[in-house]
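Below: the structure, in structure tokens.
The values are calculated or read from the model by the stated rules, or taken from the named source; none is laboratory data. Computed from a prediction, not measured in an experiment: that's the story for all the values here. Note that each Cβ is placed from the backbone with ideal geometry, even for glycine, and that neighbours are counted across all protein chains shown. Remember, those area values only see protein heavy atoms, side chains included, never the ligands or the DNA or RNA. Shrake-Rupley method; radii C 1.70, N 1.55, O 1.52, S 1.80 Å.
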Amino acid sequence: VHCSRPFEGVGSQRRGVAGGADPVAVTQAVGLVAQGLQVLHDTSGLPWWATIVATTFAVRSLLAPINVSMMKAGAKLSVLQPTMKKLQAEIQQHANAGDLDGAKQKQRVLYAFMRQHNVNPIKSLLGPITQIPVFLGFFVG
């Protein structure tokens with residue numbers, strides 16, 4: 001039996017979770033993913049397995065630049081990590097000794113070092129933060 005609209009109604013109904021909570025955001029994300037797959041399937045004429053493969057390829061291609069920048073940031077950070085650890089240890093020594101002015105000065109040195117080498121530890125978190133909603137939508141959908 002071939003079902004032409006397996007996702008019909010997905011996302012348009014609200015399902016309660018234990019305690020009666022209403023997962024609106026999850027339902028909307030799943031609905032968008034399901035509608036996107038349905039549109040691709042209907043317009044391209046591809047079988048469902050090919051629709052899923054094509055969508056996965058397209059999403060991975062769109063997220064590739066984020067992955068590349070995340071890997072570059074991680075590699076650059078790992079090369080500079082020994083110097084940064086040394087500066088962080090010096091900051092900690094000043095703070096433990098009660099020399100807050102010295103700690104602030106070393107902290108400024110650390111920030112200047114990071115700015116000089118265009119390194120930001122938060123850049124390595126950019127990939128997972130942007131990819132989690134996308135992949136959760138596909139997983140649940």
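Below are the figures for this structure:
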{"read-out": "Selection status of Val1, at pLDDT below 85 and either open to solvent by less than 70 Å² (accessible area, probe 1.4 Å) or within 22 Å of the chain's Cα centre (by Cα) (or both)", "value": "no"}
{"read-out": "Matching entry among Ala73, Ala89, Ala54 (being more than 13 Å from the chain's Cα centre (by Cα), without any contact (Cβ under 8 Å) to a residue 24 or more places away in the chain and under 21 Å from Thr130 (Cα atoms))", "value": "Ala54"}
{"read-out": "Residue that is modelled with the lowest pLDDT, among those in segment 30-44 that are hydrophobic (A, V, I, L, M, F, W, C) and open to solvent by less than 40 Å² (accessible area, probe 1.4 Å)", "value": "Val30"}
